[in-house]
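Scroll down for the structure; my scribbles are underneath it.
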Amino acid sequence: MISREKQEVLNQYNIGLVAYKQRKWDEAIRAFEKALQSDPKDGPSALYLDRSKKFRETPPPADWDGVFIMTTK
């Protein structure tokens, strides 16, 4: 059985991921931040929070398919 806290992380992560794929950066950021409030060590939420913030500042091209391309090592 999954804990209530982990379920909340999962719910917020999924909301954030949908918003991320729809280029709704502010909505995605809010959802990933809520997930991290429930579990500050949630790696996927932290990763997508960072990516969402970067894309909010510098949006991906119009033909973006949701894939993140690393530009540095």
Cα-only Debye scattering, the range 4-57: base-10 log of I(q)/I(0) at q = 0.20, 0.22, 0.24 Å⁻¹: -0.54, -0.65, -0.76
Those aspartates and glutamates that a straight Cα-Cα span of less than 17 Å connects to Lys6, excepting residues fewer than 8 apart in one chain: Glu33, Asp39, Asp42
Ile2, Ile15, Ile29 arranged by Cβ crowding within 10 Å, fewest neighbours leading: Ile2, Ile15, Ile29
Phe55, Phe32 arranged by Cβ crowding within 10 Å, fewest neighbours leading: Phe55, Phe32
Sequence-separation-based contact order of the chain, relative, with Cα cut under 8 Å and 6+ spacing, percent: 29
Over the chain: helical MRE at 222 nm, DSSP H runs n ≥ 4 each giving -39500 (n - 2.57), nearest 500: -21500 deg cm²/dmol
Per-residue ³J(HN,Hα) for the range 9-17, Karplus 6.51 cos²θ - 1.76 cosθ + 1.60, θ = phi - 60°, Hz, x for Gly and Pro: 4, 4, 4, 5, 4, 5, 4, x, 5
Added length on full extension, which subtracts the Cα-Cα distance from 0.36 nm per residue, Asn14 to Asp65: 16.6 nm
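Laboratory data are not the source of any read-out in this text; all were calculated from the coordinates shown. Since we're looking at a predicted model, the values are computed, not measured. With ideal geometry, Cβ positions are generated from the backbone for all residues, glycine too; neighbour counts draw on all protein chains shown.
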